[in-house]
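Structure record follows, encoded as structure tokens.
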Amino acid sequence: MATTFLSLFAACYVVFECPKWYTLVICFIVIGVMQYRLVMACHESVHYNLLSPKKLNEIFGLLLCSIVGIHYARYREQHFRHHKAIFIKEDPDSYIYLPMLKASPGLPRIAVWIAGIPFEIIKKFREKSIEKNSLIIGLGKEKMHGMAVLVANLIVFIVYVIFGHWWEWILFWLLPLLTIALFLNRTRVWVEHGYIHAIKGIHADDIDNQKMETIDIASNRVENFIIAPFSFNYHLTHHTIPSVPYYKNRALSKILVAQNKFDYSRRLDISYIEAIKKIIFV
């Protein structure tokens, strides 16, 4: 988290103080990647696994979610439904990877992968910013967490106004979040929950009723920093026992393998890039 925030601060400083075209391009990418890492930290907080004690986890989780525009309570409720889902049609995150699985391999699948970003933005905005959930309202967190999102982003906006220009908030905070960060998350979810179905080549008409699948993927240090922080490459391990902290997932994966608890076809000794190539052109 320290690395993430320091990288964000450094990129913003360069935007304000050294606005060359090439530095702005680099900073745009860096900000987007760091925003994505904040989203991944939100995931760990939702599982009560980011910080201890629990109260500190909740305070920090609310802060992280708010500055990247996520309603903390709604995200937790939705994500727990994701873990409870048995079939794809029950998965609240299926709207991310299902259209790509239904598209034909090759260029059509690439087109949906990229062109589907605006539709995902609308869907996320509705689920995490507009639609209300009675369970959350009953917990008394709906308005408070919604207000936290507004206040946090207002503060970020004011920082950009004070040290730079108001439009830089749009170009170097909002746009990286809606492009780089969202695209990384979209890609990761597609690989982790769509790989098995893509490799099997299940017909589009039958995909909704298939069991929700996920995988463990070997990955590498660069990918682990950019696309799979918090040991996200051990996603099958995480879904097996979600309460285990992320820094224990590697050890847990070895234990589950030793006890023959895993289907070995769900453990991939490849990188995310290699997995993406396979599910695009399979």
- Calculated from DSSP H runs of 4 or more alone, at -39500 (n - 2.57) each and per residue, what is the 222 nm mean residue ellipticity of the chain, nearest 500? -19500 deg cm²/dmol
- Work out the length of the dipole vector of the chain about its Cα centre, built from +1 on the beta-carbon of each Lys and Arg and -1 on the beta-carbon of each Asp and Glu, and round it to the nearest 20 debye. 380
- Item | Pairwise centroid distance, computed over Cα atoms, of region 15-92 with region 177-235, Å | 17
- Charge dipole of the chain built from unit charges on the beta carbon (Lys, Arg +1; Asp, Glu -1), centred at mean Cα; most positive-end Cα among F232, F5, L150 is F232
- Using a Förster distance of 41 angstrom, determine the FRET efficiency expected from the C-beta separation of I202 and F125, and round it to 0.05. 0.85
- Item | Under 24 Å from K211, Cα to Cα: lysines that are on another chain or at least 8 residues apart | K84, K89, K102, K123, K124, K200, K261, K277, K278
- Run down the lysines and flag those whose C-alpha is under 22 Å from the C-alpha of K55, throwing out any fewer than 8 positions away in its chain. K141, K143, K248
- Query: Given labels modelled 7 Å from the Cα in the Cβ direction, how far is it in nm from K211 to I59?
  - Reply: 4.3
- Item | Relative contact order %, region 2-281, counting alpha carbon pairs below 8 Å whose residues are six or more apart | 24
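Fully extended, how many nm does the chain gain between F9 and L150 (0.36 nm per residue separation, minus their Cα-Cα distance)? Mind showing how you got there, number by number?
Working: separation 141, 0.36 × 141 = 50.76 nm, distance 2.06 nm.
Extra length from F9 to L150 when fully extended: 48.7 nm.
Rule-based calculations on the coordinates, nothing more; no lab input. Owing to the predicted nature of the structure, the values given are computational and were not obtained by experimental measurement. Neighbour counts run over all protein chains shown; Cβ positions are idealised from the backbone, glycine included.
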